[in-house]
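Step one of this worksheet: look at the structure below.
The values are calculated or read from the model by the stated rules, or taken from the named source; none is laboratory data. Here the structure is a predicted model, which means the values were calculated and not measured. Every residue, glycine among them, receives a Cβ derived from its backbone with ideal geometry; neighbour counts consider all protein chains shown. Side chains are part of the model used for accessible areas, which takes the heavy atoms of the whole protein and leaves out ligands, DNA and RNA. Shrake-Rupley method; radii C 1.70, N 1.55, O 1.52, S 1.80 Å.
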Amino acid sequence: MVDAANTLPGTAGEPPAGRPLLRIENIRKSFGDLEVLRDVSLSVAEHQVVAVIGPSGSGKSTMLRCINRLEEPNSGRIFLGDDEITARGARLDKLRRNIGMVFQQFNLYPHLNARDNVALALRKVLKLDRAAAHARAEKALASVGLAEKTLAFPAQLSGGQQQRVGIARALAMEPRVVLFDEPTSALDPELVSGVLAVIRDLKGLGYTMVVVTHEMAFAREVADHLIFMDKGQIVEEGKPAELFAAPRSDRLREFLSSVLGH
Amino acid sequence: MDNVYRYFFNVEVMRQSLPFVLNGLLVTIGIALLTIVIGLSLGLALAVIRAFQIRVLNVFIVAFCDVFRAIPALVILMLVYFALPSVGISFSPFVSTLLTLSLVLAAFSLEIFWAGITAVNPGQWEAARSTGLSFAQTLRYVVLAQAVRMVIPPLTNRTIAITKYTAIASVVSVPEILNQASMQQAQLANPTPLTLAAILYILMFLPMVVFSRYLERRHSRGR
């Protein structure tokens, strides 16, 4: 068994960093008449951290949710390694264990304590026995700084702690890519930094991550690649420092000046 | 005052009729327990089937639910016991009552379980599915686990209400409390056995009523 907290998700023998692990090709998505994603393509290399920014309603979250098919794209293809997630008859339950997801509202199971929140899928999906699942869940919780809280119920935890349980739940499955859907947007300001620090640690451990966020400083410092979306399209992408310093499009320039307040 | 005593609380009549009415109590408890087990299991099973959104089945489930909630239990019992034999299906009085009450409880509890399932936040489904749990696993370990807890207070109330209908079994002469009491009343020409029946119903159901209030209070504090 590999320890989620201490090992790179891509272990020895895999191709070197830089090979695209996640590829999104020309996805479109509409809700009724509303076109939310208009031909979005994107590729994420192994060990890369991609931050996605943009005004609300720009399709960032929908794009993220298409990756594990919580939303069904109307057209386009999505690949994780050699597996096509959007293939007809794709074994979604199998594919989803390789894609961790962290939600804005945490979505912890309120009837289970922190350890069992993490252990549920370990037991029912990976079929670990109770002791092994608990051990792995406790390690995952320790890796997000919650070793003391394994038996606490979600209602007894702060928002920041709850979100860290959410992260541990995703990591314990040893996913190949972790998706973050505005992980700090529902948190009180003083709790944001703790959660961001955990995500920063994961980058150090080599996790491949796509992070939809409103935290501009975080996007600038932590992301290897920055994506700016507006009106269902990727308007601009590149190195975060360059995009922040010299946005090429008017839309990114306007967006940055509105969120950064200058 | 003397008359009240003589006709409602006649100790001698009580003494004579008590063994009969107590026998009735056992029958009532039997019907009640079996109704609760069968009715709630069936209701939960139908709610689970409904969650799978299979259109043809759902039409039947919703129709069953609406029809059995709309028809008075007494009418259903009369249909089962007096009408079904004319098409060649006949059940004993005991089974007819059990069938009627179980189906009525199933219909009501199905609706309550279903309300619980739909009240669970969609984010719970998404979180569970995102970790690779199947639809059925998510339903069982995440959604039902929460839904059942949520609906315990209304479910308890409804279960009590329907279990009380065991009294309609007297119409098809199942020897339960009410039936025994009214036979004794006729035999001894005194309504005291009915008082006895009422007392037994109170002893049987009052703890359940108190328990349901306790559940409700604990529940409202929890959120």
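Couple of notes before you dig in:
- When A:SER193 is tested against the conditions (1) free of Cβ contacts under 8 Å to residues at least 60 places away in the same chain; (2) in contact with a Ser or Thr (Cβ under 8 Å, 6 or more places away or on another chain); (3) polar (S, T, N, Q), the lone failure is (2).
- Exactly one residue among B:GLN137, B:GLN53 is polar (S, T, N, Q), out of contact with any Pro (no Cβ under 6 Å at 6 or more places or on another chain) and within 14 Å of another protein chain (Cβ to nearest Cβ), and that residue is B:GLN137.
Yes or no, residue by residue, for (1) open to solvent by 10 Å² or more (accessible area, probe 1.4 Å); (2) touching a helix residue (DSSP H, G or I) at 6+ places or on another chain (Cβ under 8 Å):
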position	(1), (2)
A:VAL222	no, yes
A:PHE228	no, yes
A:GLU237	yes, yes
A:SER249	yes, no
A:ARG253	yes, no
A:SER258	yes, no
A:GLY261	yes, no
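- Within the set B:GLY24, B:GLY88, the sole residue that is touching a Pro at 6+ places or on another chain (Cβ under 7 Å), at pLDDT below 95 and away from chain A (no Cβ under 14 Å) turns out to be B:GLY24.
- Cβ pairs under 7 Å, 6+ apart, first in region A:76-91 and in contact (Cβ under 8 Å) with a residue 60 or more places away in the chain, second surrounded by 15 or more Cβ atoms within 10 Å (Cβ to Cβ) and aliphatic (A, V, I, L, M): A:LEU80/A:LEU21; A:LEU80/A:LEU22; A:LEU80/A:LEU95; A:LEU80/A:ILE99; A:LEU80/A:VAL177; A:GLY81/A:LEU21
- Qualifying residue in region A:135-150 (condition: without any contact (Cβ under 8 Å) to a residue 12 or more places away in the chain and touching a helix residue (DSSP H, G or I) at 6+ places or on another chain (Cβ under 7 Å)): yes
- Restricting the first member to region A:103-118 and to residues that are free of Cβ contacts under 8 Å to residues at least 60 places away in the same chain, and the second to residues that are outside any helix (DSSP H, G or I) and among the aliphatic types (A, V, I, L, M), the beta-carbon pairs closer than 6 Å and six or more apart or on different chains are A:ASN113/A:LEU151; A:ALA114/A:ALA152; A:ASN117/A:LEU108; A:VAL118/A:ALA172.
- Residue in region A:95-108 that is more than 9 Å from every other protein chain (Cβ to nearest Cβ), farther than 23 Å from A:THR213 by Cα and aliphatic (A, V, I, L, M) present: no
- When region A:109-119 is filtered for residues that are out of contact with any Lys or Arg (no Cβ under 8 Å at 6 or more places or on another chain), facing another protein chain (nearest Cβ under 7 Å) and either at positive phi or open to solvent by 20 Å² or more (accessible area, probe 1.4 Å) (or both), only A:PRO110 remains.
- Index of the failed condition, A:ARG248 passing every other in (1) under 13 Å from the mean Cα position of the chain (by Cα); (2) of a type in the set (Lys, Arg); (3) assigned to a loop (DSSP other than H, G, I, E, B): (1)
- Matching residues, region A:142-158, being aliphatic (A, V, I, L, M) and surrounded by fewer than 19 Cβ atoms within 10 Å (Cβ to Cβ): A:ALA142, A:ALA147, A:LEU151, A:ALA152, A:ALA155
- Qualifying residue in region B:209-223 (condition: buried (at least 22 other Cβ atoms within 10 Å of the Cβ) and either within 12 Å of another protein chain (Cβ to nearest Cβ) or touching a helix residue (DSSP H, G or I) at 6+ places or on another chain (Cβ under 7 Å) (or both)): no
- Residue that is open to solvent by 40 Å² or more (accessible area, probe 1.4 Å) and closer than 28 Å to A:LEU80 by Cβ, where the choices are A:ARG200, A:ARG130, A:ARG136: A:ARG200
- Subset of region B:21-60 [touching a residue at least 24 places away in the same chain (Cβ under 8 Å), β-branched (Val, Ile, Thr) and surrounded by fewer than 18 Cβ atoms within 10 Å (Cβ to Cβ)]: B:ILE29, B:ILE38
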